[in-house]
Amino acid sequence: MLGILIWILPQEETPMDSLIALPLLILGITWCFVDADERGFHIGGFTKLLLVFCFLLGFPVYVFRSAGVRFKTLAMSLVLATAMGAVFCVSASVSFLVGDWLGFLD
């Protein structure tokens, strides 16, 4: 969906850009809380703040505190993020080509 939406949104930076990233952020934060509940791990106040306000720092802090120093979890998360980025790029390219082919993009 995000790969298609990128061609609909205006080219300049708007508040809508942050709004589109919000579901991905909520999904990541929710996963951390569900994972902590399943493991019986209590997320501290500082880690909660990091997860909400600076997810790119908060996620590794959460993983190291909940699972110990295991790089497998972070590596798999990096693989997932890379795969999601690749799907985003492919879907954006395909939607651009189809839109151009159908005459929607001038």
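Think of segment 26-106 as having a plus end and a minus end, set by charges on the Cβ of Lys, Arg, Asp and Glu; of THR82, ALA36, PHE55, ALA36 sits farthest toward the positive end of this dipole. The convex hull built on the alpha-carbon positions of segment 22-68 has an orientation-averaged projected area of 2.9 nm². Phi angles across segment 49-64 convert, under the Karplus curve 6.51 cos²θ - 1.76 cosθ + 1.60 with θ = phi - 60°, into 3J(HN,Hα) values of 4, 5, 4, 7, 9, 8, 4, 5, 8, x, 5, x, 4, 4, 4, 5 Hz, Gly and Pro given as x. Packing, as the average of other Cβ atoms within 10 Å across residues, places the peptides 90-99, 37-46 in the order 90-99, 37-46, highest first. Remark: segment 20-106 projects, on average over all directions, an area of 7.0 nm² (convex hull of Cα atoms).
FYI, it's all coordinate maths here, none of it is from the lab. None of these values were measured; they are calculated from a predicted model. Positions of Cβ are generated from backbone atoms using ideal geometry, with glycine treated the same way; all protein chains shown enter the neighbour counts.
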